[in-house]
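The values are calculated or read from the model by the stated rules, or taken from the named source; none is laboratory data. It should be emphasised that the depicted structure is a prediction, and the values quoted were computed from it without experimental measurement. FYI the Cβ positions are ideal-geometry reconstructions off the backbone, even for glycines, and counts take in every protein chain you see. All accessible areas refer to the heavy atoms of the entire protein, side chains included, with ligands and DNA or RNA removed. Shrake-Rupley method; radii C 1.70, N 1.55, O 1.52, S 1.80 Å.
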Amino acid sequence: MFRDNLLKGKRILVTGGGTGLGKTMVAKFLQLGAEVAILGRRKPVLEETAAELVKAHGGRVSVHACDIRVAEAVEETVEEIWREGPLDALVNNAAGNFISRTEDLSARAFDAIAGIVLHGTFYMTNACGKRWLKENRKASVLSVLVTWVWTGSPYVVPSAMSKAGVAAMTKSLAVEWGPRGIRLNAIAPGPFPTEGAWARLSPTGPLAARDRSQAIPLRRVGKHPELANLAAFLLSEECEYLTGEIIAIDGGQWLNTAGGFGHLAALADKDWAEIRDSIRQANQKDKSKRTV
Ligand code: HXC
């Protein structure tokens, strides 16, 4: 699909690059000749991914343990990355989410998600952006959103609000920073199964067996490399006139059903209790590997 070395000479930072869609994008960027930095809260997971991908594709991957909810930690990490050389692109991929009835959310639960998706994405983008502006450097930001930035979605309100905020940032900064050579675009994926998202977004209980692919006009979920191809395209110099755009890649799902979690209205109290327990178990499992 792409010429060899499409991204040769580019240094790309991928937040949440240790797992899921982030990891697939990193693999694609390496294949296309880029050097990649990956950032996340679990250093062992990052190190394992870096070793695996370098073995498979060659190239260089640096790992950076950082909690993007903490502005000072972001600043320190971006400074550390810059000391090795300036970045050419930032991929805002790190996210947090879980399904819940909104009335069951505490303020801390809201903050846990908004802290990663809204605040963390802003801290990362501004830490890179101000360096690019100062250095008069052409660069590109790509954020991974979701189709409910256009529709909203019940049962994932903190994520919908935060991702919509990042959509607003993308369009605003495309205009503010465009004259200085910085492009901002976003991808709005539909269902691309990953371990992290599925543990928190696929309910156990009565609706688990429901075949949701019927809601998708193309009748299947996304394949990870399809998203990685779109990311590589948006970051490449071959489409430099493209900025401020949010591109859905969802098999047509949101046009058909709004892509959200409206079908969960059928759940009962006991189903929500089960869902909450299974999400908390997934959270605890992840936490046990965190180093920051
Ligand atoms: C209600 C919950 C809950 C649940 C956690 N909380 N799970 N409340 N229902 N199921 C509450 C806790 O009780 C606590 O509030 C608060 O949230 C913070 O919980 P912690 O576990 O301490 O938070 P933290 O360790 O910071 O974890 C953050 C997280 C976690 C977002 C909760 O899941 C995480 O780090 N996730 C990262 C990976 C991830 O989510 N990937 C999926 C992204 S998918 P109290 O008040 O009790 O202290 C995505 C969009 C995909 O973004 C779209 C697909 C179509």
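Per 0.36 nm of contour for each residue apart, how much would the distance between residue 265 and residue 83 grow if the chain were fully extended, relative to their Cα-Cα spacing? Don't skip to the end; give the middle numbers.
Working: separation 182, 0.36 × 182 = 65.52 nm, distance 5.04 nm.
Answer, rounded to one decimal: 60.5 nm.
Be a star and scan region 118-158 for residues whose amide nitrogen sits under 19 Å from the point 7 Å along the Cα-to-Cβ vector of residue 226.
Once the point is set 7 Å along Cα→Cβ of residue 226, 144-149 turn out to lie under 19 Å by backbone N, inside region 118-158.
Enumerate the lysines that residue 55 could reach by cross-link, defined here as Cα to Cα under 24 Å, with residues fewer than 8 away along the same chain left out.
8, 10, 23, 28, 43, 223, 289
Quick check: residue separation of residue 288 and residue 126 times 0.36 nm, minus the Cα distance between them. What number comes out in nm? Present the calculation step by step, with values, prior to reporting the outcome.
Working: separation 162, 0.36 × 162 = 58.32 nm, distance 3.01 nm.
Here the answer is 55.3 nm.
When the chain is treated as a GNM, springs tying every alpha-carbon pair under 10 Å, which of 191, 86, 179 comes out with the largest mean-square fluctuation?
Of the options given, 179 has the highest mean-square fluctuation.
Compute the distance from the alpha-carbon center of region 125-163 to that of region 1-75, in whole Å.
Computed from Cα coordinates, the inter-centre distance equals 18 Å.
Looking only at 223, 134, 171, which one moves most when the chain is put into a Gaussian network model with springs between Cα atoms under 10 Å?
Evaluated over the chain, the most mobile residue of the options is 134.
Expressed as a rounded percentage, what relative contact order does the chain have, with Cα pairs under 8 Å and six or more residues apart? List each step's numbers first, then the result.
Values: 525 pairs, mean separation 58.9, N = 292.
Across the chain, relative contact order equals 20 percent.
Binning every alpha carbon pair distance of region 215-292 at 5 Å from zero, what are the percents per bin?
Over region 215-292, the share of Cα pairs per 5 Å bin runs 3, 11, 12, 11, 13, 18, 16, 9, 5, 2, 0 percent.
With springs only between Cα atoms under 10 Å apart, run a GNM on the chain and tell me which of 255, 145, 46 wobbles the most.
Its mean-square fluctuation being the largest, the pick is 255.
What does the extension gain come out to for residue 202 and residue 214, with contour length at 0.36 nm per residue minus their alpha carbon separation?
Full extension from residue 202 to residue 214 adds 2.7 nm.
With a 1.4 Å probe and every protein chain kept in, tell me what percent of the accessible surface of region 27-130 is carbon plus sulfur.
Its accessible area is 50 percent carbon and sulfur atoms.
Per the Kirkwood formula on distinct C-alpha pairs, the Rh of region 1-98 is how many angstrom?
13.4 Å
What's the angle, to the nearest 10 degrees (0 to 90), between helix 269-287's Cα axis and the longest principal axis of the chain?
30 degrees
Would you mind computing, in nm to one decimal, how far apart the modelled labels at residue 171 and residue 134 are, each placed 7 Å from Cα along Cα→Cβ?
My value for the distance between the label points is 3.1 nm.
Using modelled amide H (1.01 Å from N, peptide plane; none on Pro or chain starts), what sits under 5 Å from the amide H of residue 247, excluding residues fewer than 5 places away?
For residue 247, the qualifying residues are 186, 187, 188.
Alpha carbons only, please: Rg and Dmax for the chain, in angstrom.
Every Cα atom of the chain included, Rg and Dmax give 18.5, 56 Å.
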